[in-house]
Structure formats: C-alpha cells, structure tokens
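Participant: The structure follows.
The values are calculated or read from the model by the stated rules, or taken from the named source; none is laboratory data. Quantities reported herein were computed from a predicted structural model and do not represent experimental measurements. Neighbour counts are summed over all protein chains in view; Cβ atoms, including those assigned to glycine, are modelled from backbone coordinates with ideal geometry. Note: accessible area is taken over every heavy atom of the protein model, side chains too, but ligands, DNA and RNA are not part of it. Shrake-Rupley method; radii C 1.70, N 1.55, O 1.52, S 1.80 Å.
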Amino acid sequence: MKNDTVCRMCSSCCPVEVEVVAGRLVSARRKSFVAEDKRSPCRKLAAVVDIVYSEQRLTTPLVREKGGDLRPATWDEALNRIAARFQQYKAQGMPQAVGWLRGMAADWGTPWDYASRLMNCYGSPNTIGNGSICFVAREMAHTYTYGAMAFAEAAKAKCILVWGKHDADTTLGAADAINHAVSQGAKLIVVDPIQTPLAKRADIWLQIKPGHDGLLAMAMINEIISSDLYDHEFVENFTVGFDQLREVAGRYTIDAIAADLWLDPGQVREAARLYATTKPACLIDGNGLDMQLDIFQSTRAVACLRGLTGNIDRPGGDVLPQPVSMRPLQARDRLPAGVLPVTAAYPLFNTFSESWGNQVQSCVVDAILDKKPYGLKMLVVQAGNPVVTMADSGRASQAMRELEFLVVIDMFMTKTAELADVVLPASGCFEKTQLNRFATRNNPIILQNQVIEPVGQSWPDWKIVFELGRRIGLEEDFPWETVEAAIDYQLAPSGVGVEKLRENPDGVRVEAIRHEKYRQDGFATPSGKFEFFSARLQENGQAGLPYSDGCPRKLISFVDQQQDFPLIGISGARDIRFTNSQYRTIPALLNDELGCVVDLHPLDAAELAVQTGDQIQVATPKGSIVMPARISSVVHPGSIRIAWGWGDYNDQYNLNTLTDDDIRNPVTGTPGQRTFMCRVSRAKDDGN
Ligand SMILES: Nc1nc2c(c(=O)[nH]1)N[C@H]1C(S)=C(S)[C@@H](COP(=O)(O)OP(=O)(O)OC[C@H]3O[C@@H](n4cnc5c(=O)[nH]c(N)nc54)[C@H](O)[C@@H]3O)O[C@H]1N2
Ligand SMILES: Nc1nc2c(c(=O)[nH]1)N[C@H]1C(S)=C(S)[C@@H](COP(=O)(O)OP(=O)(O)OC[C@H]3O[C@@H](n4cnc5c(=O)[nH]c(N)nc54)[C@H](O)[C@@H]3O)O[C@H]1N2
Ligand code: SF4
Ligand SMILES: [Mo]
C-alpha cells in the first residue's frame with residue numbers, strides 16, 4: 001500500500017511516498033516538483049528500512065538505580081519516576097530547577113509547542129531549544145530587518161546567491177529548485193570558504209575567509225549603492241535607515257577589505273553587480289552563517305541586500321511567509337509571574353518571536369555548573385544529543401553528569417542517553433503524526449502522517465509529553481486522547497483539520513500566494529518598513545545598523561591565540577548520509593568511516609609533512625581530536641575542514657571537543673562552533 005507523509009529524518013521535511021506491506025515499511029520515495037530522474041538523491045531515504053528497523057533502536061523504557069546500570073522498565077514505572085521528580089522540585093518551591101532541552105530532531109513545530117506547554121503549566125520557564133546555533137539566530141536577524149524569515153523562491157529566480165548553504169547535502173527541495181533554475185539559465189553566485197560541488201558549478205565563487213561574511217556583505221552593499229544599482233522605488237518608499245546604511249557601508253570598500261577576506265576585488269565587484277542587476281534574484285542563506293560569533297550582525301548585513309535590491313517578497317526573490325493561523329498551544333500565560341528563564345541574559349533573542357521562547361542552550365550548562373543565574377537540577381533532553389552537539393563537549397558532558405536527574409527521550413542509545421537516569425524510547429518520523437514547523441510557517445500545510453505502528457514499545461513524542469503532563473497533575477491541560485484531536489484543536493482558526501490534510505496529502509493552501517504584501521500591509525517591524533536601521537536594537541544597546549559600531553575584534557574563536565593555533569578550523573560538511581550525530585550505527589550508511597577526515601590544503605600539508613590517510617591531531621586550547629587527513633585543494637591555504645557529526649560514533653572524532661563556549665554572540669548567545677583557530681600535527685601513535 002502506498003502512503004503519503006513527510007520524512008523528518010533531517011530538517012528538510014521532504015514530502016515522501018512510502019510503500020507499506022503487511023504493516024511494514026519497505027521503501028520511500030521523495031516527491032518533488034521536478035521529474036523523478038532530476039530529483040536530488042537522498043542516501044538516508046534509500047536506507048530508510050535499515051534505519052527504521054535498526055537493531056540499535058531503543059524499544060523499551062530504561063531506568064537506572066542509583067549508581068547502577070540502566071535496566072528495562074515498563075512505561076508506568078519510567079514515567080512515574082519522572083513525574084515524582086517533577087513533583088519533588090515543585091514541592092520544594094523550585095519548579096524552575098527543572099529544564100527541558102530540545103534538540104532539532106523531533107521538529108520545531110507541534111513537538112516544540114507540546115513540551116513548552118507542559119513546562120509552562122508546570123511552572124518552569126526553562127524549555128530551551130538549540131536555536132542559538134541553528135537557524136533561529138538567523139531568523140531573528142531576518143525578523144529584525146523585515147518582520148519574518150524570508151525564503152528564496154529559487155525555482156523562479158534568474159540569479160541565485162547562495163551564502164553559506166549546501167542544499168544538495170542538507171535541503172533537497174531547495175537543491176531541486178536551484179538545479180531547475182540553473183538549467184533554465186539562472187546565474188549562480190556562491191559564497192563559501194570551501195569549493196563545494198555547488199561552488200564548482202557557480203558563475204562566481206567567492207572563497208571567503210571563514211567567519212567574515214558580514215564584512216563582505218557590507219562591501220557589496222557599498223558597491224551597489226555607490227554604483228547606483230539599488231532599487232530606488234523600494235528604498236525610498238519602504239525602508240528606514242538608508243542614509244545611515246550608505247554612510248556605514250562606505251567604510252567597507254571592496255578595495256580596502258577584499259584582501260583581508262582572501263578575496264579578489266574584481267570578483268567581489270562582479271558578484272555585487274550581477275546580483276543587483278539580474279531580476280529577480282534570490283539570496284539563500286544557510287548554516288554557514290550560523291554558529292559564528294558574529295552571526296547576528298553578519299546575517300543582518302546579508303539581509304539588507306534583499307531590500308537594497310528590492311528582491312524582498314517579489315516572485316523569484318525572497319518571499320515573506322503567510323503563516324497559518326493557529327491557536328497558541330504554549331500556554332505562556334500559565335507561567336507564574338517573575339520567574340526568569342536561565343537564558344535571561346539574552347532578552348532580545350528570547351522575545352523576538354511569538355513562539356520560539358528560549359533558544360540559548362549554552363545557558364543550560366552555565367545553570368547546571370555555575371548556578372548562574374540559578375541552578376538547574378533536573379533536565380529532560382528530547383530529540384537531541386548535547387554531549388556531542390553542543391560547543392565545548394567536555395563542559396557539556398560534565399554538566400549532564402552533575403545533574404541530580406537526567407531524562408533522555410530518543411530513538412537510539414546516544415552518548416547523552418548513556419548518562420541518563422531514565423531513557424524513554426521515541427518513535428521515529430514514520431511512526432507518528434505531527435505538524436512540522438516547515439508546514440505551518442507558510443502555506444501549504446502538509447501533514448506528517450503516521451504510516452506504520454511504533455517500533456517495539458516506543459511511543460511518539462506527543463504521547464510521551466501528554467502522558468507525562470497528566471501524571472504531574474496537568475490532566476486539564478492535556479485533555480487530548482489522540483494527536484489528531486490536539487492538532488485539530490490547534491489548527492481550528494485556519495479552518496483545516498487532520499481529516500482534510502489526510503485527504504490532501506500534497507497539502508492544503510489556506511490562503512492564495514501573495515507577493516509584495518508590504519505594499520498593502522507594510523512590514524511586521526516596529527516602523528512598518530524594511531529596517532536597515534532598527535531603533536529597537538539601538539534602544540536595547542545594540543548596533544542599530546550592522547557594523548555601525550565597528551567590526552567586532554573577535555570573529556573567530558581563539559583568534560587571540562593564533563601564535564599557537566595558526567590554522568582556521570571549519571566545522572565541516574554535512575553528509576547526506578547522516579544528520580548531525582545520527583545514523584553512524586547504520587551499516588549501509590557508515591561504509592568504513594568514509595568521509596571522516598580533515599581536509600588540508602596541499603601547501604599546509606607539505607609544511608606539516610602530512611599525507612592523505614595519515615592520522616593527524618587537531619588541537620585548540622579546549623582539547624584535541626585525532627582523524628585521518630585528506631589532502632585537498634577544496635580548502636584555502638591556512639584553513640582546514642573537519643568532518644562534522646562523528647562524535648557519537650567515536651569520542652576521538654568529537655569535533656566539539658575543540659570548540660569554545662566561553663565567548664558568545666551578545667544578542668543570540670551563539671558560540672563559535674563553526675570557526676576556530678587550531679593547530680595540526682601528526683598524531684603521536686601514527687606508525688608512518
Ligand atoms: N561543531 C559543530 N557543532 C554543531 C553543528 C555543526 O555543524 N558543527 N551543528 C549544530 C546544529 S545546526 C544543530 S541543529 C545541532 C543539532 O544537535 P542535536 O539536535 O543534538 O543533533 P542530533 O545529533 O541530530 O541529535 C538528535 C537526536 O534525536 C534523536 N531523534 C531523532 N528523531 C527523533 C524523534 O522523532 N524523537 C526523539 N525524541 N528523538 C529523535 C536522534 O536519535 C538523535 O540522538 O548541532 C549543532 N552542533
Ligand atoms: N544530511 C544532512 N542534512 C542536514 C543536516 C545534517 O547534519 N546532515 N543537518 C540539518 C541541520 S540541523 C541544519 S541547521 C541544516 C544546515 O544546512 P546548511 O544550511 O546547508 O548548512 P551546512 O551544510 O552546515 O553549511 C553550508 C555551507 O556553509 C559553508 N561554510 C562554512 N563556514 C562558512 C563561513 O564562514 N561562511 C560561509 N559563507 N560559508 C561557510 C560550508 O562549507 C557549507 O558548504 O542541515 C540540516 N540537514
Ligand atoms: S533529505 Fe532529509 S527529510 Fe528529505 S528524504 Fe532525506 S532524510 Fe528525509
Ligand atoms: Mo541545525
């Protein structure tokens with residue numbers, strides 16, 4: 001039997017058609033607007049049966065007696081243990097000592113709302129996501145500029161500027177759109193420190209010095225303004241701060257900064273002109289901008305380009321979403337007044353969006369270890385593996401060990417789950433129904449629909465949260481017996497329900513697509529305009545316009561120790577076979593540790609006397625890892641690229657052993673997990 005759903009094995013949220021025989025999933029196929037033979041392939045989806053029915057799946061709850069090993073338990077026993085702890089901290093008058101840390105895996109849609117609801121009704125403001133290192137920090141920069149996160153309508157663009165994103169490995173729907181547009185003659189500009197497969201195909205590739213994107217954006221803005229290539233009609237009628245932008249960008253001329261950014265001035269000029277003069281043009285920004293110390297300003301500067309060229313909300317440009325009306329399910333009003341979250345040091349980031357709440361996960365570690373601003377004693381980790389995915393793994397791991405009580409909700413036994421007092425087995429994406437953020441932030445709404453029964457005794461995340469809620473006295477707040485009932489309740493204002501979504505597997509559009517909505521509605525910013533200058537940022541002590549206070553001294557972690565750590569380390573490519581720390585236990589995907597390498601430029605390799613296959617040690621002031629080297633000119637001399645995500649599989653490959661969490665972006669609390677100074681040497685035990 002064929003069934004439609006949404007794959008959530010990574011954040012791409014691809015609509016898929018799955019084949020189920022006798023209740024068992026046997027294959028899955030990605031749907032797309034391009035013909036089958038043109039669709040970008042997904043290795044994970046090809047291995048879907050091995051993933052879903054992996055012998056490594058957690059199939060029963062596990063509990064730990066004090067100091068002992070984890071042992072199987074019933075759901076009743078496991079949930080009652082957790083509920084007892086919730087009640088204990090409440091009875092002690094400190095519900096806020098309980099935190100709920102969300103990884104990216106279960107999605108940012110309804111699963112996020114359910115956990116927030118439970119915690120708010122319980123009385124703790126500490127439901128915390130990892131958005132400070134993922135796209136939420138970027139979303140904030142977009143939002144402060146034009147009211148929401150824009151997304152590129154690449155398929156219809158004539159010019160595509162891809163800035164720090166590699167969709168063929170991460171976001172296949174977007175990869176299909178880029179390929180389609182390029183096949184129709186669209187120009188392609190890529191800003192990436194790595195010569196990626198996409199960079200190889202680009203008309204212009206800017207191999208930027210890692211972490212310096214904001215300065216490049218300012219220089220491009222300057223070029224576009226001084227050459228009078230900006231969109232006068234849009235700038236005059238719909239923006240604020242253009243004169244200041246002109247003035248500040250004037251300090252960043254291409255000729256003055258290109259060499260410092262490892263770029264050729266002529267190429268930067270050509271890129272700025274091509275982008276500004278080809279209409280429509282879209283700008284796809286990605287995680288290459290995230291995880292950087294300067295994330296907020298650099299993304300603001302990049303975002304300004306969309307208004308300067310008038311491409312914002314135009315067909316084939318960068319479109320503003322038409323979100324689906326939903327009932328807020330987070331019950332924020334139920335939080336007792338005056339209880340500050342542990343992320344209180346980042347008030348702008350905590351409040352920029354109606355639903356996001358707290359996303360500075362590093363604060364969880366501060367609260368556990370330093371009791372700042374107060375102590376967290378218990379943590380529920382849902383769909384995340386913080387021991388290997390957070391900056392400064394050593395410290396994150398110490399924090400997990402120091403907790404009085406750790407609960408992990410996951411599908412696999414991770415390095416984080418190994419430390420837990422209770423482990424709850426979660427059902428995977430094909431085993432549950434949910435609404436993904438991808439489907440509700442914009443039309444059309446597409447349902448992730450359960451197509452097979454939960455594997456083993458696993459439960460879907462929604463059921464775990466609802467049942468736990470009921471066991472801590474929140475029966476009235478979790479009245480829904482099924483997830484369908486909860487989704488229908490939440491979606492009621494949109495007039496759409498689960499039944500209709502199931503009848504329309506390709507999605508239901510609740511509002512016709514509109515472009516240039518700002519002409520009628522204005523932008524959802526305080527001024528109603530596209531804000532090059534944000535008074536709200538200035539009032540809150542931040543630069544109102546990107547780089548108006550100058551450029552931060554520290555764009556790369558440990559840059560003040562570059563005498564000892566002379567190479568720039570780049571947290572590397574995502575591999576289509578894996579999602580962050582996941583799936584290395586799947587034999588069909590692991591394939592002899594293929595891709596677990598450090599890329600080193602031939603010039604640096606010669607100096608260090610390193611050859612492909614040699615074991616090398618990469619060290620920073622925080623720690624060191626050992627990985628095989630690959631000599632490759634995809635990296636710029638002076639920089640290396642380290643494969644990402646191997647830390648759960650093997651400690652020795654844990655990239656976040658190297659990263660710093662002491663210095664963070666002042667607005668979004670983002671540590672420099674992407675880019676850091678480091679040192680390379682041949683590993684001591686290397687026999688060569
Ligand atoms: N150095 C460095 N650090 C990084 C990154 C990097 O590129 N370099 N990337 C950063 C980014 S952008 C992110 S978003 C984070 C990701 O950080 P995490 O969210 O911690 O990443 P994952 O390794 O994907 O862990 C997700 C976990 O959820 C489990 N899981 C999968 N599906 C479900 C589900 O439906 N329910 C439940 N309960 N569990 C599920 C998986 O088995 C896995 O253990 O890492 C960040 N850290
Ligand atoms: N297969 C797979 N898919 C995934 C994931 C995964 O781990 N595996 N993770 C999911 C998650 S959590 C996320 S957030 C997304 C992220 O997906 P993307 O947004 O595509 O981000 P990345 O692939 O991390 O990096 C994109 C590009 O940024 C470049 N880059 C690195 N440093 C810099 C820099 O300083 N400046 C610029 N301009 N570019 C730089 C990298 O070389 C890379 O080519 O992918 C999601 N999808
Ligand atoms: S790219 Fe991600 S969401 Fe899309 S099919 Fe592959 S694993 Fe699933
Ligand atoms: Mo992410």
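Participant: Add +1 for every Lys or Arg and -1 for every Asp or Glu among the other residues with Cβ under 11 Å from the Cβ of GLY638, and state the total.
Facilitator: Computed value for this residue: -1.
Participant: Pop out the ³J(HN,Hα) list for the stretch 415-427 in order, Karplus 6.51 cos²θ - 1.76 cosθ + 1.60 with θ = phi - 60°, rounded to Hz; leave Gly and Pro as x.
Facilitator: Ordered by residue, 3J(HN,Hα) equals 4, 6, 4, 4, 8, 7, 8, 9, 10, 10, x, 9, 7 Hz.
Participant: Averaged per residue, what accessible surface does the chain expose to a 1.4 Å probe, in Å²?
Facilitator: Ligands and nucleic acids excluded, the result is 36 Å² per residue.
Participant: Between GLN184 and ASP50, what is 0.36 nm times their sequence separation minus the Cα-Cα distance? Round to one decimal in nm.
Facilitator: Taking GLN184 through ASP50 to full extension adds about 44.5 nm, to one decimal.
Participant: Right, something else. Count neighbours as other Cβ atoms within 10 Å of each site's Cβ, and list the trypsin sites (Lys or Arg not before Pro) in the stretch 3-79 that are DSSP loop with at most 12 such neighbours.
Facilitator: Loop-located and lightly packed - LYS66.
Participant: State the antiparallel share, in %, of DSSP beta bridges confined to the chain, rounding to the nearest 5.
Facilitator: 50 percent
Participant: Under a plain spin-label model, where a point goes 7 Å from the Cα along Cα-to-Cβ, how far apart in nm are GLU77 and ALA609?
Facilitator: 5.9 nm
Participant: Any idea what the dipole of the chain comes to, in debye rounded to 20, about its Cα centre with Lys/Arg Cβ at +1 and Asp/Glu Cβ at -1?
Facilitator: 380 debye
Participant: Hey, another quick one. In the stretch 547-600, what trypsin sites (Lys or Arg not before Pro) fall in a loop by DSSP, with at most 14 other Cβ atoms inside 10 Å?
Facilitator: ARG553, LYS554
Participant: Okay, moving on. With contacts defined as alpha carbon pairs under 8 Å and 6 or more residues apart, what's the relative contact order of the chain in percent?
Facilitator: In percent, rounded to a whole number, it is 19.
Participant: Cross-link partners among lysines for LYS158, C-alpha distance below 18 Å, same-chain residues fewer than 8 apart left out?
Facilitator: Here the lysines satisfying the reach criterion relative to LYS158 are LYS187, LYS279.
Participant: Could you state the number of Å between the C-alpha centres of the stretch 66-87 and the stretch 457-494?
Facilitator: Here the two parts' Cα centres lie 21 Å apart.
Participant: In addition: Measure out, as a whole number of angstrom, how far apart the alpha-carbon centroids of the stretch 301-368 and the stretch 561-611 sit.
Facilitator: Cα centroid of the stretch 301-368 versus Cα centroid of the stretch 561-611: 32 Å apart.
Participant: Follow-up question, since we're still on this one. Taking a 1.4 Å probe, which of TRP100, TRP75 shows the most accessible area, and what order do the others take after it?
Facilitator: Correct descending sequence by accessible area is TRP75, TRP100.
Participant: In a shell of Cβ-Cβ distance under 15 Å around VAL18, excluding VAL18 itself, what net charge do Lys and Arg (+1) and Asp and Glu (-1) give?
Facilitator: +2
Participant: Is the shape of the chain best called rounded, prolate or oblate, per the rule: a/c under 1.5 gives rounded, else a/b larger than b/c gives prolate, else oblate, with a ≥ b ≥ c the square roots of the Cα gyration tensor eigenvalues?
Facilitator: The shape class here is rounded.
Participant: Using a 1.4 Å probe on the protein chains only, how many percent of the accessible area of the stretch 559-686 belongs to carbon and sulfur?
Facilitator: Of the solvent-accessible surface of the stretch 559-686, carbon and sulfur hold 48 percent.
Participant: Now a separate question. Would you calculate, for the chain, the mean residue ellipticity at 222 nm contributed by helices, counting each DSSP H stretch of 4 or more residues as -39,500 (n - 2.57) and dividing by all residues, to the nearest 500?
Facilitator: Per the formula, -8000 deg cm²/dmol.
Participant: Filter the GluC sites (Glu not before Pro) in the stretch 345-431 down to the DSSP loop ones having no more than 14 other Cβ atoms within 10 Å, then list what survives.
Facilitator: GLU354
Participant: Can you pull the accessible area of ASP575 for me, 1.4 Å probe, Å² to the nearest 10?
Facilitator: About 50 Å², ignoring ligands and nucleic acids.
Participant: Using Cα pairs closer than 8 Å and at least 6 residues apart in sequence, work out the relative contact order for the stretch 559-686, in percent.
Facilitator: So the answer I get is 37 percent.
Participant: Next up: Take every DSSP beta bridge whose two residues both sit in the stretch 559-686, then give the antiparallel share in percent to the nearest 5.
Facilitator: 70 percent
Participant: Might you report the magnitude of the Cβ-based charge dipole of the stretch 113-269 about its Cα centre, with Lys and Arg at +1 and Asp and Glu at -1, to the nearest 20 debye?
Facilitator: Using Cβ point charges on Lys, Arg, Asp and Glu, the stretch 113-269 gives about 400 debye.
Participant: Another question about this same structure. Read phi for every residue in the stretch 30-36 and hand back ³J(HN,Hα) as whole Hz from Karplus 6.51 cos²θ - 1.76 cosθ + 1.60, θ = phi - 60°, with x for Gly and Pro.
Facilitator: Each residue of the stretch 30-36 in turn: 7, 8, 6, 6, 9, 4, 3 Hz.
Participant: At a Förster distance of 25 Å, what's the computed FRET efficiency of VAL339 paired with ALA535, Cβ-Cβ distance as r, to 0.05?
Facilitator: After rounding to 0.05, the efficiency reads 0.25.
Participant: For LYS622, go through the lysines and keep the ones whose alpha-carbon is under 18 Å away, minus same-chain ones fewer than eight residues off.
Facilitator: Those lysines meeting the cut-off are LYS554.
Participant: What nm distance separates the two modelled labels at VAL21 and GLU476, each placed 7 Å from Cα along Cα→Cβ?
Facilitator: It is 5.2 nm.
Participant: With all protein chains present and a 1.4 Å probe, how do THR525, THR351, THR171 order by accessible area, largest first?
Facilitator: THR351, THR171, THR525
Participant: Net charge near THR482: determine it from the other residues with C-beta under 10 Å of the C-beta of THR482, scoring Lys and Arg +1 and Asp and Glu -1.
Facilitator: For residues surrounding THR482, the net value is -2.
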